Amino acid sequence: MRVVGGIIGLGLGLAYAFFSAYFFGAMPAGTSVAALAPIVGPLAPFLAPVLILLQVVATAIAMPLAGAMLVWLLVTLLLTWAIYAIANAIYVASAAFTASSSIPAVTPLAPPAGEQFFLGIMIGAAAGINAVFWLLAGQLPRTSFTPPYVAWNFILALTALIPFLAVVAAISLSRVYQTFVGWFGILMPYSWLATGVGLLLFIITLPIALGQSGAAALRFDFTTATVELSINLSAISGFSGGFSLGNFTFLMPGPAMQTPFNAPGLSSHETGHTLNTAVLGGAFLWVNAIDENLPGRIGRNSWGEMLAESHFPRPGFPYSPLWTA
Ligand SMILES: [Zn+2]
């Protein structure tokens, strides 16, 4: 079912990204909805209300392009969250969920088909969005999406097929494949919605962390291409634990929190999020971060947490078998 969802998701992701590109390209000049018709054909009547709504909001925010990007981000997050919530509900209700968090551990059960279908949708959509982002980068500063694209960018667009292969369970479970996913995640434009913020936070906090703990604050995981920084920010936050921002992960309050990258523990859980971001996109990570922290929520039962936990599952933590069966 994951493969079926993946193929449908790939189509949806390509369509969504192309539509978004049209929206961005047309917005600063002030577009007419009629101009949309020849591009989306019979879908125009259905998409027109969406475009009008987006235009109204973007126009209201004085800065057209920045406004449009904000609206796009919001819409993308909401769509991602809708799929996230459905898959989350299906998985938590399944016997596989109960079995995955049992102590002592029991034989893993097959995950429910519905959850796997939506997992495929998310992986496929992210691959489609990554591919289109690369294609478009190949013809900047033009904003239309008419061929030909720059050959180099076409090749880069094809690299989105590497994370897409995670729709095949036998492939996603391979440690060798996971290493490719981690490294290729850096090349995925959609991942930079998370990794970009991670890089910024890393640059700001690196001197502080090095001052506190020296070189012990900094580690690099070659198996997922993740930079891990251990830092004490108790002056502004009492948070203890870890969080991921794409290919950058952060542990608090210091190096004592570090665990091996290839065994169950906090560090490998966070690099599980790195892999998630590469195949599911940056929006997925932000939805994960919000969802797991909602009031009354059991964080570890949030779908993104269970997918990350499958990297190296800890006893008693539920997981959905994306990275380990
Ligand atoms: Zn987590």
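Here, each number is a calculation from the coordinates, and none is a lab measurement. Predicted, not measured: the structure shown is a model, and the values here were computed from it. Counting neighbours? That spans all protein chains shown, and the Cβs are built from the backbone with ideal geometry, glycine included.
What is the sum of charges around TRP303, taking Lys and Arg as +1, Asp and Glu as -1, for the other residues whose C-beta is under 15 Å from the C-beta of TRP303?
Values: positive: ARG2, ARG297, ARG300; negative: GLU115, ASP291, GLU292, GLU305, GLU309.
Around TRP303, the surrounding residues sum to -2.
Peptide packing for 256-269, 187-200 was compared via the average number of neighbouring C-beta atoms within 10 Å per residue; ordered from the highest value, the list is 187-200, 256-269.
If you take every residue apart from PHE118 with its C-beta less than 15 Å away from the C-beta of PHE118, what net charge results, scoring Lys and Arg +1 and Asp and Glu -1? Before the final figure, lay out each step's value.
Numbers: positive: ARG2; negative: GLU115, ASP291.
Charge balance in the 15 Å sphere: -1.
Counting only the Cα atoms, the range 192-309 fills a convex hull of 100 Å³ per residue. Counting other Cβ atoms within 10 Å as a rough exposure proxy, the listed residues THR80, THR224 run THR80, THR224 from fewest neighbours to most.
Between LEU199 and LEU233, what's the calculated FRET efficiency when r is the beta-carbon distance and R0 is 25 Å? Round to 0.05. Walk me through the intermediate numbers first.
Numbers: r = 17 Å, r/R0 = 0.70.
The calculated FRET efficiency here is 0.90.
Prolate is the label for the range 214-261, because a/c, from the alpha-carbon gyration tensor with a ≥ b ≥ c as root eigenvalues, is 1.5 or above and a/b exceeds b/c. The residues packed around GLY246, meaning those with a beta-carbon under 15 Å from its beta-carbon, carry a net charge of -3 if Lys and Arg are +1 and Asp and Glu are -1. Using the Cβ-Cβ distance between TRP152 and ILE103 with R0 set to 41 Å, the FRET efficiency from 1/(1 + (r/R0)^6) comes to roughly 0.20. Couplings 3J(HN,Hα) for the range 299-314, derived from phi with the Karplus relation 6.51 cos²θ - 1.76 cosθ + 1.60 (θ = phi - 60°), are x, 5, 8, 6, 3, x, 5, 6, 6, 5, 4, 5, 4, 9, x, 8 Hz, where x marks Gly and Pro.
Please order VAL3, VAL176, VAL132, VAL279 by the number of other Cβ within 10 Å, starting at the fewest. It would help to have the intermediate numbers written out before the result.
Numbers: VAL3 15, VAL176 8, VAL132 24, VAL279 30.
Ascending Cβ contact count within 10 Å gives the list VAL176, VAL3, VAL132, VAL279.
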